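Student: After the structure tokens below, expect a handful of questions from me.
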Amino acid sequence: MEQQRPVVMSLAGLDPSGGAGLLADIKTFEQHRVYGLGICTALTIQTASDFISVDWLSLPRILAQARPLLATETITYCKIGIMADVQSLLELVRTIKFLSPGIRIIVDPVLKASAGHAFHSSIPRQVWQKLLPELYLITPNYHEAMLLTGLDDGDAAAKHLSAYCAVLLKGGHHHVRPGEDTLYNGSEEHRFPAGKQQVYPKHGSGCVLSAAITANLALGHSLPDACANAKAYTENLLSSHPSLTGYHYT
């Protein structure tokens, strides 16, 4: 009989195509042999290539899903994807930490869908500054880091953000070192170069990466090792098929 698995939680949008958001997170958790709980934050209408619309769930409805699970399960790590606005995200994070003291929260700041749809018309940086110290890790890409800080250099932006929490700067959009991720964790800096296998653009790859980090942390890996393992897992997904749909396997 298998030993009980660590329990992790994803709070994310429900993407019917299965490539991103809640469904992608749960697939990733299962492949890592952790037990995934799923809280829906939004309902999207989309395919792997086209984003059509989104219906946001209210914060009370999101918390109604989460409260009984946080009360009955021991959850040490959770990740959060898209939310309607950063003020709701801040309130969500603070409530989760109140209900489950000691929980560590990873936020994937999804500001734009892979198909190009912008989820937010403005970036309230003052609210983000309140949110960041509440987090264990944030996983922006190069452009998201610049949007969150107002700086015109993604590396400098990530370093700025790391004054508040650990930051994994994803390198998929890096103009100098494409594919290289960088972890800024206090005074430490870890670089994870791109792998050697052929990869293809994938809808939802950022969701998969942050979910894989969450799973690795729950399994007891250090943050640098969790990021390295998650990058390898995501690269396997990116190399699994030339279409926008990727296949999960370990």
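The values are calculated or read from the model by the stated rules, or taken from the named source; none is laboratory data. Being a predicted model, the structure only gives us computed values, none of them experimental. So basically every Cβ, Gly included, is an ideal-geometry build from the backbone, and we count neighbours across all protein chains shown. Just so you know, the surface numbers come from the protein's heavy atoms only, side chains and all, with ligands and any DNA or RNA stripped out. Shrake-Rupley method; radii C 1.70, N 1.55, O 1.52, S 1.80 Å.
Student: Pairs only if they're at least six apart or on different chains, beta carbon under 7 angstrom, first in the range 55-72 and among the small types (Gly, Ala, Ser), second open to solvent by less than 50 Å² (accessible area, probe 1.4 Å) and assigned to a helix (DSSP H, G or I); list them, first residue then second.
Tutor: Once the first residue is among the small types (Gly, Ala, Ser) and sits in the range 55-72, its partners that are open to solvent by less than 50 Å² (accessible area, probe 1.4 Å) and assigned to a helix (DSSP H, G or I) give Ala66/Ile96.
Student: In the range 77-95, which residue that is out of contact with any Gly (no Cβ under 8 Å at 6 or more places or on another chain), closer than 25 Å to Asn141 by Cα and among the β-branched types (Val, Ile, Thr) is surrounded by the most Cβ atoms within 10 Å (Cβ to Cβ)?
Tutor: Residues of the range 77-95 that are out of contact with any Gly (no Cβ under 8 Å at 6 or more places or on another chain), as a first pass: 77-80, 83-95.
Next cut, closer than 25 Å to Asn141 by Cα only: 77-80, 83-94.
Pick out the ones that are also among the β-branched types (Val, Ile, Thr) and you get 80, 86, 93.
Values: Ile80: 26, Val86: 22, Val93: 21.
Of everything passing the filter in the range 77-95, Ile80 is surrounded by the most Cβ atoms within 10 Å (Cβ to Cβ).
Student: Do the conditions hold for Gly171, that is, is it farther than 18 Å from Ala12 by Cβ, modelled with pLDDT under 85 and crowded, with 20+ Cβ neighbours inside 10 Å? I'd like the intermediate steps shown before the answer.
Tutor: Details: farther than 18 Å from Ala12 by Cβ: yes; modelled with pLDDT under 85: yes; crowded, with 20+ Cβ neighbours inside 10 Å: yes.
When the stated conditions are applied, Gly171 passes them.
Student: When only residues in the range 221-250 that are surrounded by fewer than 24 Cβ atoms within 10 Å (Cβ to Cβ) and touching a residue at least 60 places away in the same chain (Cβ under 8 Å) count, which is farthest from Gly21 (Cα to Cα)?
Tutor: Only one residue fits best here, namely Leu223.
Student: Taking the stated definitions as given, is Ala66 aliphatic (A, V, I, L, M) and under 19 Å from the mean Cα position of the chain (by Cα)? Talk me through it step by step, then tell me what you get.
Tutor: Details: aliphatic (A, V, I, L, M): yes; under 19 Å from the mean Cα position of the chain (by Cα): yes.
Against the criterion (aliphatic (A, V, I, L, M) and under 19 Å from the mean Cα position of the chain (by Cα)), Ala66 qualifies.
Student: Could I ask something else about it? Grab the strands (runs of 3 or more DSSP E) fully contained in the range 1-76, keeping just those with 3 or more residues being open to solvent by 30 Å² or more (accessible area, probe 1.4 Å).
Tutor: Values: elements: 7-14, 35-46, 51-56.
Here the list reads 35-46, 51-56.
Student: To continue, here is another question. Is it true that Leu131 is modelled with pLDDT of 90 or more, buried (at least 21 other Cβ atoms within 10 Å of the Cβ) and of a type outside the set (Val, Ile, Thr)?
Tutor: Details: modelled with pLDDT of 90 or more: yes; buried (at least 21 other Cβ atoms within 10 Å of the Cβ): yes; of a type outside the set (Val, Ile, Thr): yes.
In short, yes.
Student: Every residue in the range 150-160 that is open to solvent by 30 Å² or more (accessible area, probe 1.4 Å) and not hydrophobic (A, V, I, L, M, F, W, C), please.
Tutor: Gly150, Asp152, Asp153, Lys159, His160
Student: Across the range 133-191, what is the total count of residues that are over 25 Å from Lys97 (Cα atoms), out of contact with any Phe, Trp or Tyr (no Cβ under 7 Å at 6 or more places or on another chain) and in contact (Cβ under 8 Å) with a residue 40 or more places away in the chain?
Tutor: 1
Student: Here is a follow-up. Go through the range 179-220 residue by residue and tally those that are surrounded by fewer than 16 Cβ atoms within 10 Å (Cβ to Cβ) and part of a loop (DSSP other than H, G, I, E, B).
Tutor: Total meeting the criteria: 10.
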